[in-house]
Amino acid sequence: MTPTRFSSFSLQNRLVAASAVLAALVIGIFVALILALSAVRDATKQEARSKDVTASALRLEKLVLDVETGLRGFVFTGQGRFLGPYVQAQRQLPARLDNFERLASREPRQRSRAMGLISLIKDYLNYAQTLETLGNLAASRLALQTEGKRQTDEIRLRFKGFLAAENVLADQRENSADAKSAHAIELGVAGLASTAAFILLFGLYLARSFARPVREAAEGAGRLAGGDLSIRLRQSGPGEVGELTRSFNKMAESLESARIELEEQNAQLRESERLKSDLVNTVSHELRTPLSGVLGFTKLLLTRDFDSETRRHYLGIVDAQARRLSELIDDFLDVRRIEEGRFERARELVDMGTLLREEAQLYSAQSRKHQLALELPRAPLPVLGNPDRLRQVIGNLLSNAIKYSPQGGIVELAAEANGDGVRVEVRDEGIGIPAHQQPQIFTKFFRGDAAASGITGTGLGLAVSRDIVEAHGGRIGFTSAEGKGTTFFVELPRPNGDDSRPQGNGADRS
């Protein structure tokens, strides 16, 4: 089994497997102990049997000696009182012989010795009965001293050999019992040590695989609750523990992502609030100035009489301020249309060369301190779009170039065919855009340091211009260096063959 497959086991399966291994180990140890104890018991029984065999042989030998002693006393004295031990031994010998034969029947060699000994004893008893019934005491004494002595000596010798062999067996069985007892003790100690070691290792495994990850998860949860969303747990542990750490990390990542998103949203909200505040200030300032002019000069015309030239001059000022108000309102409406998705471009063939000449002529008279230089190719520069909206873009760029060049200078308006499109550039020699403000230059209502510098505007011109250019399938961008001027460029796609026919009426469908 590979480690990967094992690590995929659930916590329950691992605990069941470990419990099964522990149970098998304990059962194996107990079975081995039972077998060892059984062997010890058998060895002990054999040792006890050897002692019983030895005791039975000694008792049997004593009875044979009692027969000999009683018979010898009777034969040599002729007095019947000496036959008491003889008679009593004769009465006990059959049972003693059966017991001896039964006890000595286990070991083959000892059984053979025992059967030979029993046969000799029976022959001797028959011989003793013959001497007892023999009427001639002299003949009996002679027979007892010769044949009787030979038989008893043989019996004693056989008893001696049998007891010696039985003592050897008893020693062997005692040694075997001691060895098996020692083996059983060693096995028991080894089994207990193995069980204790396994339980200790299993405890260490539980502590390492389960307790430590759970403790780390608890500590991580505490740190997470304390606001440390960067905390991550080591993805370790089996089954459900590993799933717990992975789920914890996913939760922490989700919470951290949510916090980052909330912080970004809060930053955007703060920026929106700031922009709204700037918008209110800008709108109030930009609308108040022309409105004050309209109201002031209108009141003068209504309350006082002026000559026709002065009246005409004041009416011109009122008309210019009213147009400025109208342009501001148009900018706000354009922003609203774009945000609501109601701004669409009309598909009309427009010559950008002609449009640029008209815009250059219009803005060349706006400032005496600025000189407007126009660089155009002789060939037409056709694009598809809304001419009014394109004029609005070029007008915004020219107006900004003039406003942000307060010291005057040359404003260049250039265009050229660029691959499959038309590129228009507006260059000035003005104050430029600081590097830290450039990423926000197309943001609605963003004006940078313009308000502090006294440069008028709403901060909507470039944002609206970008949306118009992108709605025409083009792009707008700039390059700038603070104190060295700015160059804005607009790239618009040229029409293909099917788009060369005029379409629509050039109106803004909004």
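Values in this text are rule-based calculations from the coordinates and carry no lab data. It should be emphasised that the depicted structure is a prediction, and the values quoted were computed from it without experimental measurement. Heads up, the Cβs are rebuilt from the backbone with ideal geometry, glycines too, and the neighbour counts pull from every protein chain shown.
5 Å is the cut-off here: which amide hydrogens, built 1.01 Å from N in the peptide plane, fall below it relative to LEU460, excluding neighbours closer than 5 in sequence?
Counting only residues 5 or more places away or on other chains, the set is PHE445.
Do any of LYS444/LYS484; LYS122/LYS180; LYS403/LYS444 go past 30 Å between their Cα atoms, and which? Could you put the intermediate results ahead of the total?
Details: LYS444/LYS484 25 Å; LYS122/LYS180 40 Å; LYS403/LYS444 18 Å.
Result: LYS122/LYS180 exceed 30 Å.
Order these peptides, 191-202, 405-416, by their mean beta-carbon neighbour count within 10 angstrom, highest first.
405-416, 191-202
How long is the gain from ASP171 to ALA218 if the chain were fully straight, where each residue apart is worth 0.36 nm and the alpha carbon distance is subtracted?
Answer, rounded to one decimal: 10.2 nm.
Could you derive backbone 3J(HN,Hα) for region 355-371 from the dihedral phi with the Karplus parameters 6.51, -1.76 and 1.60 (θ = phi - 60°), listing whole Hz in sequence and x where the residue is Gly or Pro?
4, 5, 5, 5, 5, 5, 5, 5, 8, 5, 9, 6, 9, 6, 7, 10, 10
Short version: ³J(HN,Hα) in whole Hz for each residue of region 111-118, in order, from phi by Karplus 6.51 cos²θ - 1.76 cosθ + 1.60 (θ = phi - 60°), x for Gly and Pro, what are they?
Once θ is set to phi - 60°, the couplings for region 111-118 become 5, 4, 5, 5, 5, x, 5, 4 Hz.
Rounded, prolate or oblate: which one fits region 348-392, using the alpha carbon gyration tensor with axes a ≥ b ≥ c (rounded when a/c is under 1.5, else prolate when a/b beats b/c, else oblate)?
Oblate.
Sort 467-480, 84-97 by packing, meaning the average of other beta carbons within 10 Å per residue, with the highest value first.
Ranking the peptides 467-480, 84-97 by packing returns 467-480, 84-97.
Taking amide H positions as placed in the peptide plane 1.01 Å from N, state which residues far from GLY385 in sequence (5 or more) or on other chains have amide H under 5 Å from it.
Sorted by chain and number, the residues that satisfy this are GLU348, LEU349, VAL350.
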